[in-house]
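The values are calculated or read from the model by the stated rules, or taken from the named source; none is laboratory data. The shown structure was predicted, so the numbers you read here are calculated from the model rather than taken from an experiment. Here the Cβ positions follow ideal geometry from the backbone for every residue, glycine too, while neighbour counts run over all protein chains shown.
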Amino acid sequence: MTRSPRSIDLPGTSHKAPIPAAARVGMLLCTSAIAGKDPATGELPAAADAQARNAFANLRALLEAGGATLEDVVKLSVSIKENSVREAVNAQWLACFPDPRDRPARHIVVADLQHGMWLQLEAMAVIGEPR
């Protein structure tokens, strides 16, 4: 039996380190840290709201590359540089998950992020699970 590669990467958004942007084994997909890079340039915008928009767009693209959608996400972990970033995160969160009865679990941690990052996302998705 041939096994599909588990590593998933996206041009312009993946890590410079030798780690994949996500990994999928069976119906489980887990991401590494997803930054708010612009996928067209690979650059990180200076503003927190632009990084949040990009990070959630990168999340959707990475899920799609792994065969998942936002509906498959069961947990989203968010690291933010400071509490003021919560507003930008919440705006994107509500755009992605507008129904309060149908949202994944979420956890936010304030952390000292590097390289000008205001936030990072990490997601866990279970693909194809009936609700």
Looking only at residues that are surrounded by 15 or more Cβ atoms within 10 Å (Cβ to Cβ) and in a loop (DSSP other than H, G, I, E, B) in segment 40-57, which one is farthest from the chain's Cα centre (by Cα)? Pro45
Counting just the residues of segment 11-36 that are surrounded by fewer than 18 Cβ atoms within 10 Å (Cβ to Cβ) and in contact with a Pro (Cβ under 8 Å, 6 or more places away or on another chain), which one comes out farthest from Ile80 (Cα to Cα)? Pro11
Give the residues of segment 7-39 that are within 19 Å of Val73 (Cα to Cα) and over 17 Å from the mean Cα position of the chain (by Cα), sorted by residue number. Val25, Gly26, Met27
Select, from Leu62, Leu76, the only residue that is in contact (Cβ under 8 Å) with a residue 12 or more places away in the chain, assigned to a strand (DSSP E or B) and crowded, with 17+ Cβ neighbours inside 10 Å. Leu76
One residue from Ser7, Ser77 being over 25 Å from Leu94 (Cβ atoms) and either of a type in the set (Gly, Ala, Ser) or in contact with a Leu (Cβ under 6 Å, 6 or more places away or on another chain) (or both): Ser7
Which of the residues that make up segment 79-131 are small (Gly, Ala, Ser), assigned to a loop (DSSP other than H, G, I, E, B) and without any contact (Cβ under 8 Å) to a residue 60 or more places away in the chain? Ala111
Within segment 6-15, is even one residue aliphatic (A, V, I, L, M) and assigned to a loop (DSSP other than H, G, I, E, B)? yes
Which one of Arg53, Arg101 is closer than 20 Å to Ala125 by Cβ, at pLDDT 95 or above and charged (D, E, K, R)? Arg101
List every residue pair whose Cβ atoms sit under 7 Å apart, with the two residues 6 or more apart in sequence or on different chains, where the first one lies in segment 1-24 and is over 18 Å from Pro45 (Cβ atoms) and of a type in the set (A, V, I, L, M) and the second, anywhere, is surrounded by 13 or more Cβ atoms within 10 Å (Cβ to Cβ) and at pLDDT below 80. Ala21/Thr13; Ala21/Ser14; Ala21/His15
Within segment 56-79, can you find the residues that are of a type in the set (Asp, Glu) and either within 17 Å of Ile8 (Cα to Cα) or touching a Pro at 6+ places or on another chain (Cβ under 7 Å) (or both)? Glu64, Asp72
Selection over segment 82-96 where residues are of a type in the set (D, E, K, R) and out of contact with any strand residue (DSSP E or B) (no Cβ under 7 Å at 6 or more places or on another chain) yields a count of 1
